[in-house]
Amino acid sequence: MKDISMHIMDILQNSIRAGAKNITFEFLEINAEDKLVLRFVDDGCGMDKTTAERVLNPFFTTRTTRKVGLGLPLLKQNAERTGGSLTINSETGTGTEVVAQFGLSNIDLPPKGDLAGAIVLTVSANPDIRFVFHYKSGAIDYTLDTMEVNEALDGVAINDPQIIGYLREMVNENINGTS
């Protein structure tokens with residue numbers, strides 16, 4: 001995958017396919033430790049230990065529409081190329097946690113890509129799921145919680161085209177420190 005935002009969309013889609021109703025995603029740049037941490041937590045169907053180990057094999061997938069599953073193996077490969085790692089903690093019936101750590105200053109760190117676009121597209125396509133997105137980089141510390149957004153919208157759909165544009169602008173401004 002060309003950038004971090006593509007990995008993010010892939011992992012969020014995994015959580016959605018797992019039936020999650022609550023998904024938390026953290027994007028944390030920790031300069032003092034020279035690392036970027038992506039952390040995903042969901043309350044989907046989870047996986048047993050054997051499946052959790054097998055999902056890192058590109059020739060394993062639970063999907064019936066294709067015979068390979070490249071998302072997690074590519075995320076692991078990209079993280080490890082920067083001196084980082086990937087861990088998966090999952091329990092059947094409880095949910096899954098995926099944590100990818102990247103070397104922040106490593107030349108092989110993929111670009112961020114369109115983080116706001118990835119988040120807002122996923123949120124707007126899945127209005128019945130609660131997403132909590134936490135972004136921290138230097139002095140910027142921003143959280144988007146779709147439950148709070150929906151309360152503020154007072155009945156207007158979060159996937160209304162005008163709301164989508166506003167959300168994208170709001171997320172972009174907050175994660176880029178221009179708000």
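Nothing in this text is a laboratory measurement; each read-out follows from the coordinates by a stated rule. In this text, all values refer to a predicted model and were calculated from it rather than measured experimentally. Quick reminder, even Gly has a Cβ in these numbers, built from the backbone with ideal geometry, and neighbours come from all protein chains shown.
Over the chain, DSSP H runs of length four or greater, each weighted -39,500 (n - 2.57), average out per residue to a 222 nm ellipticity of -11000 deg cm²/dmol. If you run the Gaussian network model on the chain, springs between alpha carbon atoms under 10 Å, then out of 42, 154, 114 the most flexible one is 154.
Less than 5 angstrom separates the built amide H of residue 83 from those of 103, all sequence-distant by 5 or more or on a different chain.
Between residue 26 and residue 45, the distance separating the two model label sites (each 7 Å from Cα on the Cα→Cβ line) works out to 2.8 nm. Recomputing semi-axes √(5λ) of the Cα gyration tensor in Å from the coordinates shown identifies the correct label among [x] 26, 22, 14; [y] 22, 21, 17; [z] 34, 20, 16 as [x].
GNM remark for the chain: springs join alpha carbons under 10 Å apart, and the peak mean-square fluctuation among 89, 31, 14 falls on 31.
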